[in-house]
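Chemist: Questions regarding the structure given below will be posed in turn.
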Amino acid sequence: MSSPKLPPHLMKSHLIFCSCTLTINYYYICGGNAESVSHALLHCTRVKSIWHHSNFKQFFVDHHRLDIKDFYLLSLSLIPRNHLPLFLGSAPTTNHCPVVLDHILTPLTTALFVDAALNTNTPATGIGMVFMQGLSHIQHSARIFKPGASSPLFAEAQALYEGLNWCVSSNLQPRFVFSDCINLISKVNGNWHEYSPLSSLVHQIRTFLSRFPEATLLHVPRQHNDKAHSLAKLALRPRDED
């Protein structure tokens, strides 16, 4: 039996965000009082009940505290592509990422892109960090060489940690933070915790993110994270080759 779709007033969020413009500032769902879009789609008692009876209950529980714009953008990163038609109430696009980046990274929007590269022969870890304004203007960039190499997931967590630390120490204010490791993003944005070095690092990442209350951590495919990836690979090169 097919899963029920979300009701029309929730699907309306898709139409709102396709244009990335909230043309309607208030809705009237709960008792006739004017409500924000975030309240109408995420926090209204009736709407909460619908979320909790949908296939996206866990996603809602983990991320309902976000602003509705960030909630929607995160859904494009974390919800499996084959489930997006049900979530959005529409057919999926073949490649939504460039469209989303083009909409959210306006010429004045700042963003941090991070990536890691491993050399298991040395062993070593390379980290690349790029601070962008808009889609094409690189304001700052940096790379870090770290002796030793662990798992790819831990290396990506190191890259995210170092990138946020770099922003704090350099007084950079990212509106968005991008990593191409969706597993890491789901752990950081969710409630994941265990007793491990990775969990400790994730906790430190969350602490750094709290320094940027306006920032949103999102997934970006590898092909759209090429600048940070190139720097991470470059960090692994012997110094005498630079």
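Laboratory data are not the source of any read-out in this text; all were calculated from the coordinates shown. Keep in mind the model is a prediction, meaning the values are calculated, not measured. So basically every Cβ, Gly included, is an ideal-geometry build from the backbone, and we count neighbours across all protein chains shown.
Chemist: Measuring from label point to label point, each 7 Å out along Cα→Cβ, what is the Lys57 to Thr109 span in nm?
Modeler: 3.3 nm
Chemist: Per q in 0.10, 0.16 1/Å, what log10 I(q)/I(0) does a Debye calculation on the alpha-carbon atoms of region 103-241 return?
Modeler: -0.30, -0.77
Chemist: Pairs Lys69/Lys227; Lys146/Lys233; Lys187/Lys227: which are spaced more than 19 Å apart, C-alpha to C-alpha? Spell out each step's value before the answer.
Modeler: On the way: Lys69/Lys227 26 Å; Lys146/Lys233 12 Å; Lys187/Lys227 24 Å.
Those over the limit are Lys69/Lys227; Lys187/Lys227.
Chemist: Turning to a different aspect of this structure: Determine, for each peptide in 130-139, 182-191, the mean count of other beta carbons within 10 angstrom over its residues, then list the peptides with the highest first.
Modeler: Values: 130-139: 16.0, 182-191: 17.9.
Taking the mean over residues of other Cβ atoms within 10 Å, the ranking is 182-191, 130-139.
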